Amino acid sequence: MAKWTPTHEAPEPLEGPIVPTIIGGTILWFVLFLAQLPFYGWFDDHGHLWWLWTCLAGSGLGLIGIWYVRGRDAALKRMAAEAAAQGPAAAAE
């Protein structure tokens, strides 16, 4: 099993506009739900009703994701502000 253990360090995580990305994805899931809603009968007749509920579940999970990433973003900004307030001596430790 030792041959499968990675010998290099993991790369730094990519940071970007996470909050707008999650908001955009949530809006997209909800728009897809609304677009499929008029075809409820067709989906039900053909056994594809799960498509509709998948879009609604994506919207709900997206709302949880928005709450989570906004809190994470606020915590990162608080940590950066505290580090800047303590000065360069704290950053060297």
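Taken together, the values in this text are just the output of simple stated rules run on the coordinates, not laboratory data. Since the model is a prediction, treat every value here as computed from it, not as a measurement. Cβ: placed from backbone, ideal geometry, glycine included. Neighbour counts: every protein chain shown.
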Degrees separating the helix 49-86 axis from the principal Cα axis of the chain, which is the longest one:
20
Within region 28-47, what residues put their amide N at less than 15 Å from the label point 7 Å along the Cα-to-Cβ vector of residue 53?
40-41, 43-47
Scalar couplings 3J(HN,Hα) for region 25-39 by Karplus 6.51 cos²θ - 1.76 cosθ + 1.60 (θ = phi - 60°), nearest whole Hz, x for Gly and Pro, are x, 5, 4, 4, 4, 5, 5, 4, 4, 5, 5, 8, 4, x, 9
What shape does the chain take by its C-alpha gyration tensor, where a ≥ b ≥ c are the square roots of the eigenvalues and a/c under 1.5 counts as rounded, a/b above b/c as prolate, and the rest as oblate?
oblate
Can you give the calculated 222 nm mean residue ellipticity of the chain, where each DSSP H run of n ≥ 4 adds -39,500 (n - 2.57) and the sum is split over every residue, rounded to the nearest 500 deg cm²/dmol?
-24500 deg cm²/dmol
1/(1 + (r/R0)^6) with r = Cβ-Cβ of residue 69 and residue 45, R0 = 30 Å, i.e. FRET efficiency to nearest 0.05, evaluates to 0.20
